[in-house]
Amino acid sequence: MLLEGKRVSFLYKEQLKKEVDALLLNGKRRPHLAAILVGHDGASETYVNSKVKNCAEIGFTSTLLQLEENITEKDLLEKIKKFNDNEQIDGILVQLPLPKHINEQKVIEAIDPEKDVDGFHPLNAGKLVQGIPSFISATPYGIMLLLEYYQIETKGKNTVVIGRSNIVGRPMSILLSSNRPFGNSTVTLCHSQTKNLEEICLGADIIVAALGKPGFIHADMVKEGSVIIDVGITRVPDSTKKSGYRLQGDVDFENVFQKCSAITPVPGGVGLMTITGLLKNTMQAYLSKHS
Ligand code: GUN
């Protein structure tokens, strides 16, 4: 079975659109997401443009602040402060990665935790660990929504998360092991120093691959009937494409598809659910101040 993020994301967006229409009918303003993009990295530009486009589709206001690669850290922090102080803005995101001369952690911590719709601020990350309601990082949040939509049982399952990033792997491991709906898994968090990765994967009922290595997960690493969540979206050179590249996940899709019971395609899987997570966080940020 294909876990169709594209379709599920569409349904959530329809619901959010209705919620925005209801707000407007009640004389309220639209939720507003502000995105900051530093430099001209192609993939980051694509992601941010997609976020802005999705805001428009459901009736959110959005602001895109595009800054040059050589902006100083101080100037960037000032821009964030302005967005923090602007009551018309509900959610703020700074697209990562940032240029090397800017301290990413400082930037993340400069965002008002109540507007931190990426859930990267240590306060939100810490709340997640302690099971306190918070903004959940958009990709893990989107994956949880996908598991819920397809009613994938996670309770008591052996789940393997590959990758320990603050954006995906670590929060994903926390959510899946928490005592919550679509949690309660026995989670193994694997990373670059993990030994016997193949053996560990073969014992998994669910695999979340978030390591950023195209085609890394082969059919001989997965158990028959397992559920595969592919978070990878790497641009791989492809001269047959107009753009010169194609998107490839961390999973050898064709072969793994034959063996597993459910899998997310790339594209059309997790990527669109990430945007859903972000939009839902922005609505939550808005509602916490307006209801
Ligand atoms: N870079 C890769 N993923 C993300 C994300 O979810 N949010 C932001 N801000 N940057 C990213």
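For segment 175-194 and segment 253-270, what is the centre-to-centre distance using only Cα atoms, to the nearest Å?
One Cα centre to the other: 20 Å.
Beyond 18 Å between alpha-carbons counts as too far, so tell me which of LYS6/LYS53; LYS81/LYS115; LYS82/LYS106; LYS53/LYS81 fall in that bin.
Over 18 Å Cα-Cα: LYS53/LYS81.
Counting only C-alpha contacts under 8 Å and six or more residues apart, can you give the relative contact order of segment 149-287 as a whole percent?
Relative contact order of segment 149-287: 19 percent.
Leaving out same-chain residues fewer than 8 places away, which aspartates and glutamates sit with a Cα under 16 Å from that of LYS127?
Counting by Cα, and skipping residues close in sequence, LYS127 has these aspartates and glutamates nearby: GLU109, ASP112, GLU114, ASP116, ASP118.
To the nearest Å, what is the center-to-center distance of segment 48-121 and segment 26-41, using C-alpha atoms only?
For segment 48-121 versus segment 26-41, the Cα centre distance is 9 Å.
Percent antiparallel among DSSP beta bridges with both residues in the chain, to the nearest 5?
So the antiparallel bridges amount to about 10 percent of the total.
So what is the relative contact order of segment 209-287, in percent, for Cα pairs below 8 Å that sit 6 or more residues apart?
Reported relative contact order: 34 percent.
Most fluctuating residue of ALA138, ALA35, ALA56 in a GNM of the chain with Cα springs under 10 Å: which is it?
ALA56
Pairs of alpha-carbon atoms within less than 8 angstrom and 6+ residues apart define the contacts here; what relative contact order does the chain have, in percent?
So the answer I get is 20 percent.
Loop-only trypsin sites (Lys or Arg not before Pro) in segment 151-186, please: DSSP not H, G, I, E or B, and at most 16 other Cβ atoms within 10 Å.
LYS155
For segment 193-291, list log₁₀ I(q)/I(0) at each q in 0.20, 0.21 Å⁻¹, using the Debye formula over Cα point scatterers of equal strength and ignoring solvent, two decimals each.
Result of the Debye calculation: -0.95, -1.01.
Which GluC sites (Glu not before Pro) from segment 48-81 combine a DSSP loop assignment with at most 12 other Cβ atoms within 10 Å?
GLU68, GLU69
Determine the shape class of the chain: with a ≥ b ≥ c the square roots of the Cα gyration tensor eigenvalues, call it rounded for a/c under 1.5, and otherwise prolate if a/b is greater than b/c, oblate otherwise.
prolate
Lysine pairs, Cα distance under 28 Å, 8 or more residues apart or cross-chain: how many in segment 183-258?
5
Could you give the dipole magnitude of segment 90-248 about its Cα centre, charging the beta-carbon of Lys and Arg +1 and that of Asp and Glu -1, in debye to the nearest 20?
340
Every number here is computed from the coordinates shown, using simple stated rules; none is lab data. Being a predicted model, the structure only gives us computed values, none of them experimental. Every residue, glycine as well, gets a Cβ built from its backbone with ideal geometry; the counts of neighbours run over all protein chains shown.
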